[in-house]
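Single-structure report; data block below.
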Amino acid sequence: MKLISVIIPAYNPQPTLLEALKSVFNQTYKNIEVILVNDGSGDEHTKIFTEAKINHPELKLLQVNPNKGVAATRNLGASQANGEYIAFLDQDDLWAPEKLELQGKYLNENPDIDYITSRQRYFLADNVTQAPSWVKPEHINTSLPGFLPGTLMVRAAVFKKTGGFDESLKAGTDDVDWFFRANNGGLKTFEMPNEFLCKRIHGKNLSASALAHNRELLSVVKMNLQRKKAEQKQLSVIIPCYNGKKYIEETLKTITAQGDYIGEIIVVDDASTDGSAEYVVSLNYPKLSLYRLEKNQGISAARNYGVEKAKFPFIAFLDADDLWTNGRTEELLDAMQKKTTPWAFGLIEHFISEDKIGQVNYVLPPVQIGYFASAMLVTKEFFNKVGGFNKELRVGEFIDWYDRARSINSTPSIIENIVLKRRIHGANTSIMAESKNARDYLKVARDAIARKKQSA
């Protein structure tokens with residue numbers, strides 16, 4: 001049974017907090033931790049927190065001083081959570097008893113889903129006879145879509161990657177912003193048809209400050225539109241890694257130096273034996289996802305797997321031992337836009353790794369045109385149109401892909417700037433393979449000739 005962490009932010013709570021807690025501890029799923037965060041409440045509310053702790057000794061109580069707002073309070077609770085899944089509940093609201101059990105079961109059975117929501121229902125507090133202006137009367141006691149924290153259950157690792165709620169938003173729109181960012185980031189979600197959240201309307205809800213809320217909501221919508229515009233030029237960077245621990249940190253630094261163009265970094269560990277995967281995790285790079293192949297399948301399979309996981313419109317590859325030059329992403333994007341082509345290359349500069357100087361005797365041109373995966377930028381749409389790298393080839397896989405791309409009458413844009421620094425260290429697959437795997441190169445040549453004959 002996986003642990004589920006429940007985060008409850010509370011500011012100057014009324015006795016309704018005790019009802020909210022009761023709905024949590026009455027859940028049919030029992031393997032939970034409940035974290036109540038006191039967001040700088042006044043002393044007159046101390047007795048509510050004391051009573052909550054008496055009623056539920058297992059409750060974890062955190063204190064914030066001074067008041068920081070609901071977004072910061074939720075984030076603090078999430079940072080202290082030990083569960084694999086995280087759920088949030090506001091201090092006045094209630095859950096259906098089966099909420100955690102059914103949502104947790106769904107995430108267990110659907111590992112590709114990042115977070116789930118449910119339906120919700122508004123209800124009026126006992127002392128409220130009329131819905132406030134920001135709630136339509138017909139929405140009271142009606143099943144509604146539930147894009148609210150109280151309906152949410154999210155994988156803890158996913159929530160951490162989103163960066164949590166935006167703590168600069170103080171008028172109750174931090175949840176709207178989070179769902180926008182989750183959607184834009186390509187997170188997979190599902191709305192369960194169940195009504196798991198009962199949201200209490202009492203006129204003092206944070207979102208009831210209509211003017212401030214609407215102003216902030218407009219700002220959030222504008223920010224979302226700006227993000228979407230920027231994301232149209234963002235790329236997924238795919239790093240195939242086999243025993244690349246020695247150089248990969250330096251490689252990653254040249255990726256993050258590209259700035260906001262980087263939407264995500266996907267490292268595909270091809271069954272390394274040198275601890276590469278564990279080392280990558282320890283580096284704790286933002287926007288980085290690690291995937292592990294159970295057995296070594298080669299660079300083509302690793303790259304293809306990365307493309308399958310990619311969420312952004314542009315794809316870039318970088319081997320775990322090579323380096324990008326500063327500004328190369330912007331230069332390649334500009335070249336693609338000017339020539340309206342879906343792919344572009346720059347130049348490659350070879351260099352002998354500092355730890356191998358005097359030990360490597362290969363004679364390579366210092367600079368050459370970069371017909372090489374790590375020197376290319378390509379739209380995901382075009383890459384998929386050409387098809388992935390041939391997994392039967394241990395070497396020559398990019399030559400094969402390039403020829404297939406050219407065979408569909410597409411010409412890449414080529415810039416005369418160095419975009420890739422290729423490290424020579426004596427174990428480069430394509431160099432070492434020249435004598436060992438000549439059959440792969442022959443196969444690439446035969447396939448290219450066959451394609452030309454078919455198109456003739």
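How about segment 1-30: which trypsin sites (Lys or Arg not before Pro) there are in a DSSP loop, with at most 10 other Cβ atoms within 10 Å of their Cβ?
Lys30
Among Ser413, Ser374, which comes first, second and so on when ranked by fewest other beta-carbon atoms within 10 Å?
Ser413, Ser374
For the pair Thr273 and Glu392, what calculated FRET efficiency results from E = 1/(1 + (r/R0)^6), where r is the Cβ-Cβ distance and R0 = 25 Å, to the nearest 0.05?
FRET efficiency, Glu392 to Thr273: 0.60.
How much length is gained on full extension from Asn67 to Thr340, taking 0.36 nm per residue of separation minus their Cα-Cα distance?
Roughly 93.1 nm would be gained on extension.
Using only Cα atoms, locate the centre of segment 23-75 and the centre of segment 295-330, then give the distance between them in Å, rounded to an integer.
Computed from Cα coordinates, the inter-centre distance equals 44 Å.
So who's got an amide H within less than 5 Å of the one on Phe196, skipping anything under 5 residues away but keeping other chains? H placed 1.01 Å off N, in plane.
For Phe196, the qualifying residues are Arg119.
Place the peptides 149-157, 253-261 in order of packing, highest mean first, counting for every residue the other Cβ atoms within 10 Å and averaging per peptide.
Working: 149-157: 22.2, 253-261: 15.6.
With the highest mean Cβ count within 10 Å placed first, the list reads 149-157, 253-261.
Which distance in nm do the two modelled labels at Gln14 and Glu84 give, with both placed 7 Å along the Cα-to-Cβ direction?
Reported label-point gap for Gln14 and Glu84 is 3.9 nm.
Does anything in segment 58-75 have its amide N under 16 Å from the 7 Å Cα→Cβ label point of Leu3, and if so which residues?
Those under the cut-off are 58-62.
Read-outs: derived from the displayed coordinates by stated rules, not from any lab. All figures in this text were calculated on a predicted structure; none of them were measured in a lab. So basically every Cβ, Gly included, is an ideal-geometry build from the backbone, and we count neighbours across all protein chains shown.
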